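> There's a structure below that I have some questions on.
The values are calculated or read from the model by the stated rules, or taken from the named source; none is laboratory data. All values derive from a computational prediction rather than experimental measurement. Every residue, glycine among them, receives a Cβ derived from its backbone with ideal geometry; neighbour counts consider all protein chains shown.
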Amino acid sequence: MAQSRRRGQMCCVYGCVNCRYDKENALSDNHFFNIPKHVLEKRKQKQRWCALIKSQDGLDGFNMTPRPVICHEHFLESDFKKALGSKRWTLEPGVEPSVFNWSKVSERKPPKNRLPLSPSKDQANLMVDAPVSPDNHQSL
Ligand SMILES: [Zn+2]
């Protein structure tokens, strides 16, 4: 029986369900980035990234490893370079994930300044539209 272990490769960002492979075990459109080496090497950086992605090192099956674990959705377009003709994208040095579900401020649209309907709307206007004539020139 084919065991689909690959499906286990999921984005490690809290709340993100993007997988490297889709249900049919095909490569998904998600790009996954490694946690940069300089982050892995520095405790403080590591902790910072853990805090950023709301995942704890060594918990919930997540470990800070050099494997690709964070999907591209958490980076800005300007944070990475897309390699043309390749599935390999590279992070710019020094960037960190900054786009998260929970950071999306629910965009509140400012209330529309609706002009109050003027009560003195002339009734005459209602008559401007020509009545729809029932006889359209369809003779079948
Ligand atoms: Zn993700």
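> Given the conditions (1) outside any loop (DSSP other than H, G, I, E, B); (2) of a type in the set (S, T, N, Q); (3) surrounded by 12 or more Cβ atoms within 10 Å (Cβ to Cβ), which single one is not true for S55?
Going through (1) outside any loop (DSSP other than H, G, I, E, B); (2) of a type in the set (S, T, N, Q); (3) surrounded by 12 or more Cβ atoms within 10 Å (Cβ to Cβ) one by one, S55 breaks only (1).
So that you can scan it fast, the table gives a plain yes or no per residue for (1) modelled with pLDDT of 95 or more; (2) hydroxyl-bearing (S, T, Y); (3) surrounded by 15 or more Cβ atoms within 10 Å (Cβ to Cβ); (4) in a loop (DSSP other than H, G, I, E, B):
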{"position": "S86", "(1), (2), (3), (4)": "no, yes, no, yes"}
{"position": "G94", "(1), (2), (3), (4)": "no, no, no, yes"}
{"position": "P97", "(1), (2), (3), (4)": "yes, no, yes, yes"}
{"position": "E107", "(1), (2), (3), (4)": "no, no, no, yes"}
{"position": "N113", "(1), (2), (3), (4)": "no, no, no, yes"}
{"position": "P116", "(1), (2), (3), (4)": "no, no, no, yes"}
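> If you don't mind, another one. Checking P66 against (1) within 22 Å of the chain's Cα centre (by Cα); (2) away from the ligand (no atom under 12 Å from the Cβ); (3) in a loop (DSSP other than H, G, I, E, B), only one condition comes out false. Which one?
Exception for P66: condition (1).
> Against the conditions (1) hydrophobic (A, V, I, L, M, F, W, C); (2) farther than 15 Å from P93 by Cα; (3) within 16 Å of the ligand (Cβ to nearest atom), where does F33 fall short? Just the number, please.
(2)
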